[in-house]
Structures are given as C-alpha cells and as structure tokens.
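S.K.: For reference, the structure I am asking about is given below.
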Amino acid sequence: MEIVILAVVIAVVVLGALGGLIVGSRRKKSLPPPPPAAPDITAPPAEPHVGDEAETPREEPRRTIEEVDLPDGSSTGVAVEEPPVEEPPVVEAPAIEIPEPTAGRLVRLRARLSRSQNALGKGLLGLLSREHLDEETWEEVEDTLLTADVGVLPTQELVERLRERVKVLGTRTPEGLRGLLREELLTLVGTDFDRTVKTEPEDRKPGIVMVVGVNGTGKTTTTGKLARVLVADGRTVVLGAADTFRAAAADQLQTWGERVGAHIVRGPEAGDPASVAFDAVKEGKEMGVDVVLIDTAGRLHTKTGLMDELGKVKRVVEKHAPLDEVLLVLDATTGQNGLVQARVFAEVVDITGIVLTKLDGTAKGGIVVAVQRELGVPVKLIGLGEGADDLAPFEPEAFVDALIGE
C-alpha cells in the first residue's frame, strides 16, 4: 500500500514539474525582446610606426606660408627646372613666286605648240608639193583644213586663193610653197585684230575682267594663270571667286592667288555669285589695285536659267563700272561644238576675247580661225599645257610658224 502511495506522489510531482515548464516557456515567448544594447565603439588599431614616428608627438613651432621659402634654387643652390612652354605652331605664308615675263612667251612655247600642231602644216605642204595638182589633190587640201576645224567658208576661201597663186606664180619649190602657205594662213588667222587684254582703262581703276565658259574648259585655272600674266607685267590683282557652285573652285583660285600675292574675295558655298562679284570690285577699288578678275561658275550653254544668272552677274558688276573684258574660255579639243557654245554665250554677255585652252593636245589649230570668224572677236590668249606659265598671249606669226614648222 505504501508503494502505491509513493508512486502516486512521484507522478504528481512529475506532472507539476512539467506544467511549470510549459507555463514558463509560454511566458517567455509573450514577453517583448529587450532593446539592443549600444555597441561599444573602439578606436581602430593604430598603424605600426617605426623610427621617429613611433615616438610621442611633440609640439613644434609652425610657420605661415608667407614665411616659407619656396624652392626657386636660390637658397639651396640647386636649379629647379621649369616645365617647357609650348609655343603655338607658326604657319608660314606661301612663298611668292615670280612668273615668267609675258613678252615672247608664245615664242618660247613654240616647240610645244609645233609638236602637236604642225601635222596641219606638213600635210598641206606635202599635198602642195605634188608634181600634179589636180582636183583630187585640192579636195585633199580641203579635207585637211576641215579636219583641223578651220571651218567650211574659211577653207573654201583659202583653197581658192592657193589655187590661184600657185597657178599664177608657178611656185613649186618647198621654200616657195612654205612662204606662200604662211602668207595665206596669216591672212586667214588675221593680223589686224587688237589682241591686247584690256586691263587699263584711262579714266579709272581697277580694270574689270570677267571670265566665262562651260564646265571643264579650264576656266578657273585660266583665271589663275591670267593673274600670273598680269603680275608678271607689274600689275596688282584682286581675284573674285564667283564660282560658288563648285566646292573646290574658290580654294583652287585662292591657291593661284597666294602663289603670286593676289588678294582673293570669296563668299559662302552656294552663295550668290553676283554678290561675290560685286564685293570683289568694291574691294578692288578700295585697295587701289590695277585689275579685278572675276571667275564665274561653269555653265552649260543649254541651261537657260544659268545663262540668265550670268547676265545678272554682269549687270551687278556694272553698277560699279563697265566691264573692260569678257573672256570666253573654250576647249580647243571640242572643235565645232565650241562654236555652238561661243554663239550662246555671245547672246548673253558681250564677248570681247577668246581664250583657247588645251591647244597643245590637239592637231586642230584651225579652231582659231573658225571661232574668230564666228564671233568677230579675236583669240587673245592660248593655253599650251598644265604648267603655271603655259598661258600665252596669242601672236599670229608665232602661231602660224608653229603650224607649218621650220
């Protein structure tokens, strides 16, 4: 019996203990957590020091910046190198060239002209030296002249005069035939034209020259070369870059001008050409130069609007003063097509002179005769190559001598 009572007491004690544990755990879960304690902030560990830095810092007298000697090398005796100062690059002006004198320039270039042109003279002399000058021979003479772009009417006139003089004089020797042919060609080319480029008006300064032509004839290059011709003759020049449609035209003309010391007036790309031409003449007058050269845009003679604009450039320039020269640049290799161009340009502006370029690259020197006959104005300048001084005043005697050879 006692054992039973002891077991019951032990069970009650165990159950009580278990109940206390359960109640205690529930009370612990319901209580809010205590606020976190502030962490202790400790200084970072000091860096290890050696030597003087390991000692306790000592107070030292301090100086202001005004009292400190800067290291200029005077006190220490040691020179302090200063950093090098970069100087801006110096842009050197292009060297001014001295062009060849124009007097006798075509004579000096005769060899170049004769190499490409004397096929005409040799062909004619060969035909005229035949033992029998029958109709077939004279037809060959006509064909030779037509092939050289002399033109139909001038060819017929020349053949008729040659036939008559050979028949009357009976000239058959090579020297006699050459002299006869030279006289007739000189008559055909014309020795009575005034071929001077008008750049010195009597009542004012500057002389005004406008250069016109179609695309690809060498117009801008001719304008630059003409500036060299004028400078070689002692003139001062202003260049007006009125070709505002071709991007490189103004740059090209400026290069030509810088080489001989000519001032250039240019405007914005695709700007008004008449405005540039007007400003060029205005600046030329203010500077007191001798000549103003105006390079116009290359124009297709079939474009009516462009040709009208060329007329506008002429009218605007003439608000300052009349034009002294209007030079039409033609490519000698274009032959009869060049005559069509010349005809249309002459209707828009009053052409006063012809410049024939690329005359060294063709055996068609007869275009000189044809274009003069077409327009009634003289060839004043001819271009004989790509060199800077290959533009020469046209001299009929030197030209004919180059045609027929020595």
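S.K.: I'm trying to understand the selection: among the residues of segment 103-133, which are modelled with pLDDT of 75 or more and of a type in the set (Lys, Arg)?
M.R.: Arg105, Lys122, Arg130
S.K.: Considering every residue within segment 231-244, establish whether at least one is modelled with pLDDT under 90 and in a strand (DSSP E or B).
M.R.: Scanning segment 231-244 turns up no residue that is modelled with pLDDT under 90 and in a strand (DSSP E or B).
S.K.: Would you point out which residue out of Thr199, Thr187 is modelled with pLDDT of 90 or more, over 20 Å from Gln254 (Cβ atoms), β-branched (Val, Ile, Thr) and open to solvent by 70 Å² or more (accessible area, probe 1.4 Å)?
M.R.: Details: Thr199 fails: open to solvent by 70 Å² or more (accessible area, probe 1.4 Å).
Thr187 is the lone residue from the list that is modelled with pLDDT of 90 or more, over 20 Å from Gln254 (Cβ atoms), β-branched (Val, Ile, Thr) and open to solvent by 70 Å² or more (accessible area, probe 1.4 Å).
S.K.: His263 fails exactly one of the following numbered conditions: (1) free of Cβ contacts under 8 Å to residues at least 60 places away in the same chain; (2) out of contact with any strand residue (DSSP E or B) (no Cβ under 8 Å at 6 or more places or on another chain); (3) not hydrophobic (A, V, I, L, M, F, W, C). What is the number of that condition?
M.R.: With respect to (1) free of Cβ contacts under 8 Å to residues at least 60 places away in the same chain; (2) out of contact with any strand residue (DSSP E or B) (no Cβ under 8 Å at 6 or more places or on another chain); (3) not hydrophobic (A, V, I, L, M, F, W, C), His263 is out only on (2).
S.K.: Exactly one of these conditions fails for Val349: (1) touching a Gly at 6+ places or on another chain (Cβ under 8 Å); (2) open to solvent by 40 Å² or more (accessible area, probe 1.4 Å). Give me its number.
M.R.: Condition (2) is where Val349 drops out.
S.K.: Here is a further query. Go through segment 142-184 and give me each residue that's in a helix (DSSP H, G or I), touching a helix residue (DSSP H, G or I) at 6+ places or on another chain (Cβ under 8 Å), of a type in the set (Val, Ile, Thr) and open to solvent by 10 Å² or more (accessible area, probe 1.4 Å).
M.R.: Thr144, Val152, Val166
S.K.: Still on this structure, please answer the following. Mind checking which helices (runs of 4 or more DSSP H) fall wholly inside segment 291-406 and carry at least 1 residues that are more than 30 Å from Glu183 (Cα to Cα) and touching a strand residue (DSSP E or B) at 6+ places or on another chain (Cβ under 8 Å)? So that I can check it myself, show each step before the final result.
M.R.: On the way: elements: 304-317, 336-348, 367-375, 396-404.
So the answer is 304-317, 336-348.
The values are calculated or read from the model by the stated rules, or taken from the named source; none is laboratory data. The model shown is predicted, which means the values in this text are computed figures rather than measured ones. In this analysis, Cβ positions are derived from the backbone assuming ideal geometry, glycine residues included, and neighbour counts consider all displayed protein chains. Note: areas computed on protein heavy atoms with side chains; ligands, DNA, RNA excluded. Shrake-Rupley method; radii C 1.70, N 1.55, O 1.52, S 1.80 Å.
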